[in-house]
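The values are calculated or read from the model by the stated rules, or taken from the named source; none is laboratory data. Small disclaimer: the values here were computed from a predicted structure and weren't measured. Ideal geometry is used to build each Cβ from the backbone, glycine not excepted, and the neighbour counts take in all protein chains shown.
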Amino acid sequence: MVSSSTIEVPHLGGIKAGYALSDNRYDPSKPTVVMINSMCTTVALYNDQFEDKKLTDAVNLLAVEPLGHGSTSSSTEHFTYWDSAIMALQVMDKLGIKNAFALGTSQGGWVVVRMALLMPEKILGLLPLGTSMDYESAESRALGAWEPASIIAPFVEKWTAKTETPEFVVDDVWCGMVASLGFSGTVSAETTTFFKKAVKSTYVGDEGRKKVRMASMNLLSRDGLLLRLQDIKCPVYWLQGTEDAPFGTTLPAEQVKLFVSSKEAKLRIVEGGGHYLNATSPAEVNESILEIVSKYSN
């Protein structure tokens, strides 16, 4: 499985950003795809992409772990998805990457769209996977989005402490929920077990408690992007699995229509695909990566 290195960027007074780069180097002769992982996962979520030689021969793959995830750590406890977007753009700068396509799985979709809004000249195209462009508003729930507050808020409350918690280890219930919602029963038991262990190894001690607490608070308190989507001009290739439990397929079919200024905005429904679509349906995702890159690379 892919593991992360860290690189220092200046946002929020200093961040050590966890990342993985195909071939462990940036090749400026090839286009780049930046990938942002889903809730409580790491760059290892993109193992199937890093192991696809056809894909890595064609593009540089750069996976970046957002704030609150994996090896990424910051000098401040509080952050938002906008901060993760700025951080990822600064990682690109630090590695000498002038522009890239950006793929985001679940919450990663919220981050990559923010990247395109903040610095449109750096983002050549977007690949949102298994995601929504809104918070869980009444409108989104009417289109099939889940209502996560009743599930996640009790964990946030449990993870709130007035004193340090050096013995903290995230519990099995949370690990199981991340795996079951994300993979939708469409991957091997070995893969599910790996990610359960990864969650436990990431969220330990007082720092781990703070990271998982803030990552969860970000999800519950995020702002919606619907009004901003009209300002996205790059192409958008959105993929959604038929087994996507949190958001379904009706919601993306409506929201993709809001990319009215995009060069091209289309939705691909992947039969049998789960929420963490790049892991449950890697062939279809990798095919779409190559399609958008071949069509829109400079």
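Quick notes
- Within segment 275-298, considering residues that are crowded, with 24+ Cβ neighbours inside 10 Å and not in a helix (DSSP H, G or I), the one farthest from the chain's Cα centre (by Cα): S281
- Hits in segment 57-76 (condition: touching a Lys or Arg at 6+ places or on another chain (Cβ under 6 Å) and crowded, with 21+ Cβ neighbours inside 10 Å): V59, N60, G68
- The listed residue being assigned to a loop (DSSP other than H, G, I, E, B), within 22 Å of K200 (Cα to Cα) and free of Cβ contacts under 8 Å to residues at least 60 places away in the same chain, out of S3, S71: S3
- The test for being closer than 22 Å to L143 by Cα, in contact with a Lys or Arg (Cβ under 6 Å, 6 or more places away or on another chain) and outside any helix (DSSP H, G or I) does not hold for L267.
- Between L143, L127, the distinction of being in contact with a strand residue (DSSP E or B) (Cβ under 9 Å, 6 or more places away or on another chain) and touching a residue at least 24 places away in the same chain (Cβ under 8 Å) belongs to L127 only.
- Any hit, segment 118-138, residues being in a loop (DSSP other than H, G, I, E, B), polar (S, T, N, Q), more than 15 Å from the chain's Cα centre (by Cα) and more than 25 Å from S22 (Cα to Cα): yes
- Residue in segment 39-56 that is at positive phi and either within 13 Å of the chain's Cα centre (by Cα) or surrounded by fewer than 18 Cβ atoms within 10 Å (Cβ to Cβ) (or both) present: yes
- Hits in segment 167-219 - residues which are outside any helix (DSSP H, G or I) and not hydrophobic (A, V, I, L, M, F, W, C): E167, D171, S184, G185, T186, S188, Y203
- Residues that are more than 29 Å from A100 (Cβ to Cβ), in contact with a Phe, Trp or Tyr (Cβ under 9 Å, 6 or more places away or on another chain), polar (S, T, N, Q) and free of Cβ contacts under 8 Å to residues at least 40 places away in the same chain occur at least once in segment 191-213.
- Single match in V156, V199, V178, V187 (criterion: closer than 25 Å to F247 by Cβ, buried (at least 17 other Cβ atoms within 10 Å of the Cβ) and either modelled with pLDDT of 95 or more or in contact with a strand residue (DSSP E or B) (Cβ under 8 Å, 6 or more places away or on another chain) (or both)): V156
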